[in-house]
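Input: a single structure, listed below in structure tokens.
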Amino acid sequence: MPKLTKTFVDALTLPKDGQKLVWDDDLKGFGIRLTPTAKTYIAQGRVNGKTRRVTIGKHGTWAPHKARESAQGHLYSMSQGVDPTKEKKRRKALSATLNQISEAYINDRRHLKQSSIRDIRKHINGSFSDWAEKPAANITRDKVLTRFRELSKRSPAQANQAFRILRALLNYAAAAYRAEDEKVFLENPVSVLSDSKVWNPVQARASKIPTDRIGHTWGEIQKIRATPQTKASQAAVDIVAFLLLTGARWTEASTLTWDQVDLESGCWHLPDPKNRRPVIFPLSSQARQILEGRPRLNKFVFYSYSKTGHVTDARQVISRLTDAATVKVRPHDLRRTFRAVAGECGIELWKTKLLMNHKLSGDITISAYTETSDLRYLAPEIQQIADWIEAQANECEN
């Protein structure tokens, strides 16, 4: 074969289809690949018994003598056991930015809830905004520790959440960004928080409406429902009442659509709840009455004229309940109050857990043989809870 000189390469004719390889007679492994649209210099050798080919660049952009020098470098590296394919993947992995990794994680984890996706992007664009467009491989244990301390001064709980998300992203990167069979991310730097035992101790909230104030609270809800000022305030108070009567999570109720409700059968269902287990819940007569009175202005039961189409907060109603309950009330406190009322009614804990869509644990017999997807058989219990709440309100009036 001839030596690849400019004159020789210029004279080469491109194939009409496919590719043709022309090798240099002076430097073994140096060649040029001809395709219908280009002449591209390459270097080809063997590493650990495998043939590896490196693309150097197009003729014209690369002069033959420069391409030859580059090929010599690649061929020498391969002779020393350096795998160019593996090195290319390693460089790509090491250059991946935190933002690129987070978006890849979101795309691969198709089961992620929208709330989880929002949390990831919130911290990428907030807690780690100055790291987002830089290689994630640059994140060190020292950087993690410093940033964690900074965030903890503002909010210990948010600092914990931010770094749990970062830990998950970097664990994903370690699995997804590899140089063939070799790991590129050898250690997750977030492990320093466990090694040094500095995770923030954040106690889960246990606040709820005191049992002796539930009657006053329900009475206040009924007053607001009787004299709503606007359609928005009607939706807000109705959803608050629904939360107390069902023990539902805010997001479950606020995004509830009419196709999830069967008023004739007296039930409602969640096709994709937090724990990923679809479930049908019974409705008490009180909750049913609230839903029957709701106007159907769009697909959402608790509609609003906002961009989302559904209620996003009920601050004014919650503020009035705070006065009636004599403690600060938050939407999730209504869920804990529901559980407390179930206890007052003497309802077995496993039944209460099911009504709140919690996972059963403990007794293996109950866990293995109990119907957990259709809870309409617990209609007496949900009615008992609603009647108890209503009775407390009636006592307050007398």
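The values are calculated or read from the model by the stated rules, or taken from the named source; none is laboratory data. Since this is a predicted model, take the numbers as computed values, not measurements. As a convention, Cβ positions derive from the backbone with ideal geometry for all residues, glycine included, and neighbour counts pool all protein chains shown.
Filtering segment 174-209 to residues that are among the basic types (Lys, Arg), in contact with a helix residue (DSSP H, G or I) (Cβ under 8 Å, 6 or more places away or on another chain) and either at pLDDT 85 or above or not assigned by TED's automatic domain parsing to the domain that holds Ile106 (or both) leaves Arg205, Lys208. Residues that are in a helix (DSSP H, G or I) and touching a Ser or Thr at 6+ places or on another chain (Cβ under 7 Å) within segment 197-223 comprise Arg213, Ile214, listed in sequence order.
Any idea which residue in segment 174-186 is farthest from Thr140 (Cα to Cα), counting only those that are out of contact with any Lys or Arg (no Cβ under 8 Å at 6 or more places or on another chain) and in a loop (DSSP other than H, G, I, E, B)?
Keep residues of segment 174-186 that are out of contact with any Lys or Arg (no Cβ under 8 Å at 6 or more places or on another chain), which gives 175-176, 181, 183, 185-186.
Narrowing further to those that are in a loop (DSSP other than H, G, I, E, B): 181, 185-186.
On the way: Asp181: 24, Phe185: 11, Leu186: 12 Å.
Step by step, filter segment 174-186, then rank; the result is Asp181.
In segment 44-66, the residue that is surrounded by the fewest Cβ atoms within 10 Å (Cβ to Cβ) out of those that are farther than 21 Å from Gly18 by Cβ and in contact (Cβ under 8 Å) with a residue 40 or more places away in the chain is Ala63. The set of residues in segment 132-191 being surrounded by 18 or more Cβ atoms within 10 Å (Cβ to Cβ) and without any contact (Cβ under 8 Å) to a residue 24 or more places away in the chain consists of Arg147, Asn188. Could you check segment 1-50 and list, in sequence order, the residues that are among the β-branched types (Val, Ile, Thr), under 50 Å from the mean Cα position of the chain (by Cα) and under 25 Å from Ser79 (Cβ atoms)? Residues satisfying the conditions are Ile32, Thr40, Ile42, Val47. Going through segment 241-279 one residue at a time, which ones are hydroxyl-bearing (Ser, Thr, Tyr) and assigned to a helix (DSSP H, G or I)? Result: Thr246, Thr251, Ser254. Part of a helix (DSSP H, G or I), at pLDDT below 95 and closer than 27 Å to Pro201 by Cα, is that true of Asn171? So Asn171 fits the description; yes. Here no helices (runs of 4 or more DSSP H) wholly within segment 280-398 include at least 3 residues being among the aromatic types (Phe, Trp, Tyr) and in the same structural domain as Leu244 (by TED's automatic domain parsing). Of the residues contained in segment 159-167, none is found to be part of a loop (DSSP other than H, G, I, E, B) and either polar (S, T, N, Q) or assigned by TED's automatic domain parsing to the domain that holds Tyr305 (or both).
How many residues are surrounded by fewer than 13 Cβ atoms within 10 Å (Cβ to Cβ) and modelled with pLDDT of 90 or more when one looks only at segment 105-116? Step through it out loud before you land on a result.
We begin by selecting, within segment 105-116, every residue surrounded by fewer than 13 Cβ atoms within 10 Å (Cβ to Cβ); these are 107-108, 110-111, 114-115.
After this cut, where a residue has to be modelled with pLDDT of 90 or more as well, the list is 107-108.
Result for segment 105-116: 2.
Filtering segment 35-75 to residues that are in contact with a Ser or Thr (Cβ under 6 Å, 6 or more places away or on another chain), over 15 Å from Lys3 (Cα atoms) and not β-branched (Val, Ile, Thr) leaves Arg52, Lys58.
When the residues of segment 249-301 are filtered to those that are modelled with pLDDT of 95 or more and of a type in the set (Phe, Trp, Tyr), the one that is nearest to Lys359 (Cα to Cα) is Phe281.
Considering each residue of segment 367-390, count those that are hydrophobic (A, V, I, L, M, F, W, C) and free of Cβ contacts under 8 Å to residues at least 24 places away in the same chain, and give that number. Spell out how you get there, then give the answer.
Keep residues of segment 367-390 that are hydrophobic (A, V, I, L, M, F, W, C), which gives 368, 375, 378-379, 382, 385-386, 388-389.
Next, from what is left, pick out any that are free of Cβ contacts under 8 Å to residues at least 24 places away in the same chain: 368.
Qualifying residue count for the region: 1.
Which residue, of Ser127, Ser115, is of a type in the set (Ser, Thr, Tyr), touching a residue at least 12 places away in the same chain (Cβ under 8 Å) and in a loop (DSSP other than H, G, I, E, B)? Just a single option satisfies the conditions, and that option is Ser127.
What are the residues in segment 117-131 that are buried (at least 17 other Cβ atoms within 10 Å of the Cβ) and farther than 25 Å from Ser196 by Cα, if any? Walk me through it before giving the result.
The first filter runs over segment 117-131 and keeps only residues buried (at least 17 other Cβ atoms within 10 Å of the Cβ), leaving 119-120, 123-124, 127-128, 131.
Of everything in segment 117-131, just one residue is buried (at least 17 other Cβ atoms within 10 Å of the Cβ) and farther than 25 Å from Ser196 by Cα, namely Asp119.
As for segment 73-81, it holds no residue that is in contact with a Phe, Trp or Tyr (Cβ under 7 Å, 6 or more places away or on another chain) and either aliphatic (A, V, I, L, M) or surrounded by fewer than 16 Cβ atoms within 10 Å (Cβ to Cβ) (or both).
For the condition closer than 24 Å to Asp387 by Cα and touching a strand residue (DSSP E or B) at 6+ places or on another chain (Cβ under 9 Å), what is the one hit in Thr257, Thr246, Thr227? It would help to see each step written out before you state the result.
Numbers: Thr257 fails: closer than 24 Å to Asp387 by Cα; Thr227 fails: touching a strand residue (DSSP E or B) at 6+ places or on another chain (Cβ under 9 Å).
The match here is Thr246.
From the list Ser254, Ser285, which residue is touching a residue at least 40 places away in the same chain (Cβ under 8 Å) and more than 31 Å from the chain's Cα centre (by Cα)? None of the other options fit; the residue is Ser285.
Taken as a whole, the structure leaves Ser102 outside the set of residues that are polar (S, T, N, Q), surrounded by 13 or more Cβ atoms within 10 Å (Cβ to Cβ) and free of Cβ contacts under 8 Å to residues at least 60 places away in the same chain.
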